[in-house]
Amino acid sequence: GENVEQHPSTLSVQEGDSAVIKCTYSDSASNYFPWYKQELGKRPQLIIDIRSNVGEKKDQRIAVTLNKTAKHFSLHITETQPEDSAVYFCAASLWQDSSYKLIFGSGTRLLVRP
Amino acid sequence: NAGVTQTPKFQVLKTGQSMTLQCAQDMNHEYMSWYRQDPGMGLRLIHYSVGAGITDQGEVPNGYNVSRSTTEDFPLRLLSAAPSQTSVYFCASRPLLEGEQFFGPGTRLTVL
């Protein structure tokens, strides 16, 4: 089955700097890669996603890149702000044999220092 | 729309007790799933369903049962609670083929 590894587990940056979180996946058939943000005590919420037929996607200060050959994808946050502080999860999924599983990485705790 | 709802928000059980965590969605999503979240381990898939009457196991199914009699509801049953099942449980739903997966607010379960 699919396995997703996420690094780093914690990341501390100065406000205004960039933050990069990296994930690798094991199943080459995976074709959908969302990123979720979870604030303290809240539910995870989708912030950006990418499909396997696209190499990069941007939405304002956040971007995701995908390298299918190496089976890794990354989240990039530019001009970080204190409100970006949260836990970020990557995930990978595939639709196969009438079944669909979304498998998550272990999370990255991002702290943006004012 | 209420989205995905879960009850209860908090629950304390004694070892060996049974209980059902409730989950409902009003978005007519075919796909529903249950995750548990433990510190440093992310969100691990327990069980999922691709439609009414169809369920399957995820990564960590042992100790949990599910059923899906309607599109809206997907309850998670703990048959005999153990301290290892202390966790935060999230229910989620999404359209079957494409679309965002939405999470419920979570249930914090403590087993003594």
### Task
Being within 12 Å of another protein chain (Cβ to nearest Cβ), more than 30 Å from B:Gln57 (Cβ to Cβ) and not hydrophobic (A, V, I, L, M, F, W, C) narrows it down to one of A:Thr10, A:Thr78, so name that one.
A:Thr10
### Message
If I go through segment A:35-54 residue by residue, how many of them are open to solvent by less than 10 Å² (accessible area, probe 1.4 Å) and at pLDDT below 95?
### Response
1
#### Entry: Conditions (1) out of contact with any Asp or Glu (no Cβ under 9 Å at 6 or more places or on another chain); (2) over 18 Å from B:Thr107 (Cβ atoms); (3) within 10 Å of another protein chain (Cβ to nearest Cβ); (4) surrounded by 13 or more Cβ atoms within 10 Å (Cβ to Cβ): number failed by B:Gly58
(2)
### Query
Going by the structure shown, is B:Ala92 out of contact with any helix residue (DSSP H, G or I) (no Cβ under 9 Å at 6 or more places or on another chain) and not in a strand (DSSP E or B)?
no
### Query
Only one of (1) crowded, with 16+ Cβ neighbours inside 10 Å; (2) in contact with a Lys or Arg (Cβ under 9 Å, 6 or more places away or on another chain) is not met by B:Gly53, so which one is it?
(1)
### Task
Name the residue, out of A:Ala92, A:Ala70, that is crowded, with 19+ Cβ neighbours inside 10 Å and either within 27 Å of B:Gln57 (Cβ to Cβ) or of a type in the set (A, V, I, L, M) (or both).
A:Ala92
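The values are calculated or read from the model by the stated rules, or taken from the named source; none is laboratory data. The model shown is predicted, which means the values in this text are computed figures rather than measured ones. Because the Cβ atoms are built from the backbone with ideal geometry, glycine has one as well, and the counts that use them run over all protein chains shown. SASA here: full protein model, heavy atoms, side chains in, ligands and nucleic acids out. Shrake-Rupley method; radii C 1.70, N 1.55, O 1.52, S 1.80 Å.
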